[in-house]
Amino acid sequence: MFSFFKKKEHTEEKVIQKVEPQDYNNIETIAEYFKNETGVTFEKQMSILKNKVTTFCKKREIHSFAQLLEMIQSNNELKQELIDYLTTNETFFYRELKQIQELVELVKHSSSNVKILCAPSATGEEPYSIAIALLEAAIDPSRFSITGIDINSEALQKAHEARYKERNVRNLSTQLLAKYFTHSNNNYVLHDSIKSLVTFKQFNIFDDSLKTLGKFDFIFSRNMLIYFDTKTKIKAKNILESLRTDDSQEIFFGHADLF
Ligand SMILES: C[S@@+](CC[C@H](N)C(=O)[O-])C[C@H]1O[C@@H](n2cnc3c(N)ncnc32)[C@H](O)[C@@H]1O
């Protein structure tokens, strides 16, 4: 009955937080893994890679590059996050327009329907530019199909949304902008009529499954090889060439993709 007066026991719990030692060294192992998986090399940018991967790890409470390496080998979601984080998706409408105009001429003079591949498509500006240029040349949409592929899942999500900033559409005339986009809240939203002309799929060009895409009459592969070393560029070129319907048709590489 006297329990009410009993002195409250002092049970101060000490929260012992285990502080894991951090070891963000040996970035070379991550660089090598990333190159083997994606082709992308950071050979000349090791300190940039180290800073970026350190930030990636700290955000996820991953305490060392060794731990990260172990985790991405068994966790596809985390591996994809790292790929999305480390690949560069810079692109814009009507980039290197001359090549797109060349393609338009080839399609115009083709006697059959054509299949076009953009590998990589990044956030969609390139395949959508091709669709716009073909329509502007009065080519009926039933005469072509366009597929865009990329390894970066976030870029493909943006391609599906097709909502662009001013800098992405800077090369388009006001007439094209008015014809194919709705301008709202500082965004240029591409019309569904153009969106429906492009199919996006997630692929790593080095994966065997790439073959399931079939063959293409025209292939664009611009500004991806710049991230590969010479050996990997040649490998990628051979893979892309194996996707051609006509072996004599040159692939449209970017001017910076030089071998
Ligand atoms: C700079 S963008 C080029 C986009 C567009 N072709 C252009 O020229 O504007 C490079 C793209 O290559 C993609 N990429 C890098 N390695 C790849 C791989 N192994 N397979 C597929 N896409 C890859 C990146 O995710 C990125 O979106």
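Given a 1.4 angstrom probe, what's the average accessible area per residue across the chain, in square angstrom? All intermediate terms of the calculation are to be shown ahead of the outcome.
Working: 15330 Å² over 259 residues.
For the chain, the per-residue accessible area is 59 Å².
Test of the criteria: in the range 97-194, which trypsin sites (Lys or Arg not before Pro) are in a DSSP loop and have at most 16 other Cβ atoms within 10 angstrom of their Cβ?
Working: sites: 98, 108, 115, 143, 158, 163, 165, 167, 170, 179; in loops: 165, 170.
Here the trypsin sites (Lys or Arg not before Pro) that fit, given the DSSP loop and packing criteria, are 165, 170.
How many percent of the accessible area of the chain is carbon or sulfur, using a 1.4 Å probe? Mind dumping the intermediate values first?
Working: 7570 of 15330 Å².
Ligands and nucleic acids excluded, carbon and sulfur reach 49 percent.
Give the average over all directions of the projected area of the C-alpha convex hull of the chain, one decimal, in nm². Intermediate values should be presented prior to the final figure.
Details: hull surface 88.8 nm².
Averaged projected hull area, Cα only: 22.2 nm².
Give the Debye-formula value of log10 I(q)/I(0) at each listed q (0.17, 0.22 Å⁻¹), with one equal scatterer per alpha carbon of the range 138-259, two decimals each.
-1.06, -1.37
What is the antiparallel percent of DSSP beta bridges lying wholly in the range 97-257, to the nearest 5? Before the final figure, lay out the partial values.
Numbers: 6 of 22 bridges.
Of all bridge pairs located within the range 97-257, approximately 25 percent are antiparallel.
For each pair in 115/237; 44/231; 44/165; 58/165, compute the distance between the two Cα atoms and list the pairs where it is over 23 Å. Write down the numbers at each step before the final one.
Values: 115/237 19 Å; 44/231 16 Å; 44/165 31 Å; 58/165 30 Å.
Exceeds cut-off: 44/165; 58/165.
Taking all pairs of distinct Cα atoms, average 1/r, flip it, and tell me the Kirkwood hydrodynamic radius of the range 22-75 in Å to one decimal place.
On the way: mean 1/r = 0.0896 Å⁻¹.
It is 11.2 Å.
Can you pick out the pairs among 98/179; 201/235; 35/79; 158/195 whose Cα atoms lie more than 18 Å from each other?
On the way: 98/179 21 Å; 201/235 21 Å; 35/79 13 Å; 158/195 12 Å.
Violating the 18 Å limit, Cα to Cα: 98/179; 201/235.
The values are calculated or read from the model by the stated rules, or taken from the named source; none is laboratory data. Here the structure is a predicted model, which means the values were calculated and not measured. Neighbour counts are summed over all protein chains in view; Cβ atoms, including those assigned to glycine, are modelled from backbone coordinates with ideal geometry. Side chains are part of the model used for accessible areas, which takes the heavy atoms of the whole protein and leaves out ligands, DNA and RNA. Shrake-Rupley method; radii C 1.70, N 1.55, O 1.52, S 1.80 Å.
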